[in-house]
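A short write-up of the structure that comes next.
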Amino acid sequence: MSAKSIAPRLAALTLAAAQCFVGSASACKTRVYPENFPLKELTLMRITPKLQAAFYSWVDKALTGPIPKGTVAFHFNLYEGKRSFHIQLIGSEQFSRDDPDWPCHETLTTGEDIFELPHSVVGTAWEDCLELAKAAVVEYLGAGGKASVLRASKGVGVGFVDGDVEVVWEASA
């Protein structure tokens, strides 16, 4: 990346960070951002290093031990709670971009061992939570301790249990 292409992103990120600190920024799908606006970086800024480390640890723990036979994909289920959003990891015996119900065929689940994203950190908008969760999972796929387990599957999705499945990783055919 050339210095010429980095400068606008750096300026936009600096402005976004300043707006976050003074409370005048809100990331949402309806807002129009310039092409070079660092939305991903802004989203990740809302996850503290401590929260990111806790998420990595939670996923590592969930994927430690034997994965049930027949598990071909994974999905991060999102739930809305009173003071936080909840993440549950499941394994599925099915995967298909054409079937939005593929995560319903569970072979593995963290059950009540959920990961919490506090509203005080991530906000209360479900759209922002979804984007943040997707970014966190994609980051984990690149650097997480058990990321190879997820990448050995046919696909990985993220989404609210009563919403759409968003595939964030898919094995090449």
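Things worth noting here:
- Along the range 101-115 the Karplus relation, 6.51 cos²θ - 1.76 cosθ + 1.60 evaluated at θ = phi - 60°, assigns HN-Hα couplings of 9, 4, x, 6, 9, 6, 10, 8, 8, 7, x, 7, 7, 9, 9 Hz to successive residues, with x for each Gly and Pro.
- Close amide H contacts of Ile67 (hydrogens built in the peptide plane, cut-off under 5 Å, sequence separation of 5 or more or a different chain): none are found.
- Where GluC sites (Glu not before Pro) fall in DSSP loop in the range 99-173, at most 11 other Cβ within 10 Å: Glu112
- With θ taken as phi - 60° and the Karplus curve 6.51 cos²θ - 1.76 cosθ + 1.60 applied, the whole-hertz 3J(HN,Hα) list for the range 49-57 is x, 5, 5, 5, 4, 5, 5, 4, 4 Hz, x standing for glycine and proline.
- Computed from backbone phi, the HN-Hα couplings of the range 136-146 come to 5, 5, 4, 4, 4, 4, x, 9, x, x, 10 Hz, rounded to whole numbers (Karplus: 6.51 cos²θ - 1.76 cosθ + 1.60, θ = phi - 60°; Gly and Pro given as x).
- For the range 80-122 and the range 48-68, distance of Cα centres in Å: 14 Å
- Sequence-distant residues sharing a close amide H with Ser84 (under 5 Å, placed H): His119
- With a cut-off of 9 Å between beta carbons, the residues surrounding His86 carry a summed charge of -2, where Lys and Arg count +1 and Asp and Glu -1.
Values in this text are rule-based calculations from the coordinates and carry no lab data. Just so we're clear, the structure is a prediction, and the values are computed from it rather than from any experiment. Don't worry about glycine lacking a Cβ; one is built from the backbone with ideal geometry, like all the others, and counts go over all protein chains shown.
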